[in-house]
Amino acid sequence: MQYGVCNLGIVPIRLEPTDTSEMVTQALYGDFFKVLEQRKKWSRIRFAYDKYEGWIDNKQYLEIEEEQYGILSESGIVLSKDLIQFVSDDANSIYPIPLGSDLNCLTLLNQKFEGNKITEKSDKSNIIDTSFLYLNTPYLWGGKSPFGIDCSGFTQMVYKLNGYHLLRDASQQATQGVALSFIEESEPGDLAFFDNAEGDIVHVGIIMKDNYIIHAHGKVRIDRLDHSGIYNIDKNTHTHRLRVIKKII
């Protein structure tokens, strides 16, 4: 088994081993993974954090030893707190990294970081404040950064920044936590999931107070939430059908 770590700011992870393939997620700086299959130009990987799989360009990650993978796996929370920051090395090369980058790899990569860090799990009441950091971020299928993000990438990163663990896709996140019977039982920071005509979970957002929701749809935006689903304030119409509300413990 081989192992790797993302040593660049934001790297696309593809469905198939080609640059023209769909981007299914992104590796942010410090994300580490197992290499399941390695070809001349591409490697199929499985992230340690959420077990998500995809293909990464071999030029966009650094191979590490199993022992180093184990050390990273056992490390605590050390995440970059700023929307954009930089790490540097002894050659004075500078690498931009986005909000939520994992800084546990700094020693391994012999790099320095002088920005703000998150080093402990926060109270769940902080989730809404964190979600505002992504407000107006453009929607990007597979995205996980303040420069482009999808609905489940948004919820995963907001929860991660507060020390809570979510899986990658909305349908996977819907298997976590405790279901609530009514919107009235929800609290700010709970997750609302939405389905399509076939009954598949295809969207997720974070519930705010007073029946509002923040979610990634075109951009990270705030809309109304009612028993039917999301009511788009700009279009004056419902855009998503409510399926279930979950409290992540």
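The values are calculated or read from the model by the stated rules, or taken from the named source; none is laboratory data. Quick caveat, the model's predicted, so the values are computed rather than measured. Glycine gets a Cβ as well: all are built from the backbone with ideal geometry, and neighbour counts include every protein chain shown. To get the accessible areas, we keep the full protein, side chains included, count just its heavy atoms, and leave off ligands, DNA and RNA. Shrake-Rupley method; radii C 1.70, N 1.55, O 1.52, S 1.80 Å.
The requirement of being on the phi > 0 side of the Ramachandran plot and either of a type in the set (S, T, N, Q) or out of contact with any strand residue (DSSP E or B) (no Cβ under 9 Å at 6 or more places or on another chain) (or both) is satisfied by Asn211.
Of the residues making up segment 190-230, those that are open to solvent by 70 Å² or more (accessible area, probe 1.4 Å) and touching a helix residue (DSSP H, G or I) at 6+ places or on another chain (Cβ under 9 Å) are Asp200, Val202, Lys209, Asn211, Arg224, His227. Taken over segment 34-72, the residue count meeting the criterion of being over 23 Å from Asn110 (Cβ atoms) and surrounded by fewer than 16 Cβ atoms within 10 Å (Cβ to Cβ) is 8. Annotation note: Cβ proximity below 6 Å between a residue of segment 132-158 that is touching a residue at least 24 places away in the same chain (Cβ under 8 Å) and a residue that is basic (Lys, Arg) and buried (at least 22 other Cβ atoms within 10 Å of the Cβ) (sequence gap 6+ or interchain) occurs for Gly153/Lys144; Met157/Lys144.
Restricting segment 47-104 to residues that are in contact with a Lys or Arg (Cβ under 6 Å, 6 or more places away or on another chain) and of a type in the set (Phe, Trp, Tyr), the residue that is nearest to Gly163 (Cα to Cα) is Tyr52. Looking across segment 117-149, the residues that are open to solvent by 40 Å² or more (accessible area, probe 1.4 Å) and among the hydrophobic types (A, V, I, L, M, F, W, C) come down to Phe132, Leu133, Leu135, Leu140, Trp141, Phe147. Per the conditions (1) touching a helix residue (DSSP H, G or I) at 6+ places or on another chain (Cβ under 7 Å); (2) within 17 Å of Leu8 (Cβ to Cβ), the sole criterion not satisfied by Ser88 is (1).
Here Asp89 meets each of (1) among the charged types (D, E, K, R); (2) in contact with a strand residue (DSSP E or B) (Cβ under 7 Å, 6 or more places away or on another chain); (3) modelled with pLDDT of 95 or more; (4) surrounded by fewer than 18 Cβ atoms within 10 Å (Cβ to Cβ) with one exception, condition (3).
Could you say whether any residue in segment 174-185 is of a type outside the set (Val, Ile, Thr) and open to solvent by less than 10 Å² (accessible area, probe 1.4 Å)? No - not one qualifying residue is present in segment 174-185. Give me a count of the residues in segment 150-173 that are among the acidic types (Asp, Glu) and surrounded by fewer than 22 Cβ atoms within 10 Å (Cβ to Cβ). Residues meeting the conditions: 1. Residues in segment 189-204 that are under 10 Å from Arg243 (Cα atoms), among the small types (Gly, Ala, Ser) and within 21 Å of the chain's Cα centre (by Cα): Ala192 alone.
The combined condition, being within 23 Å of Ser88 (Cα to Cα), in contact (Cβ under 8 Å) with a residue 60 or more places away in the chain and either among the charged types (D, E, K, R) or open to solvent by 50 Å² or more (accessible area, probe 1.4 Å) (or both), is fulfilled by Leu8.
Those strands (runs of 3 or more DSSP E) of segment 13-117 in which at least 3 residues are free of Cβ contacts under 8 Å to residues at least 40 places away in the same chain, considering only elements entirely within it, cover 32-38, 42-47, 84-89, 111-113.
The numbered conditions (1) under 30 Å from Gln85 (Cβ atoms); (2) of a type in the set (D, E, K, R); (3) free of Cβ contacts under 8 Å to residues at least 60 places away in the same chain are all true for Lys235 except (1).
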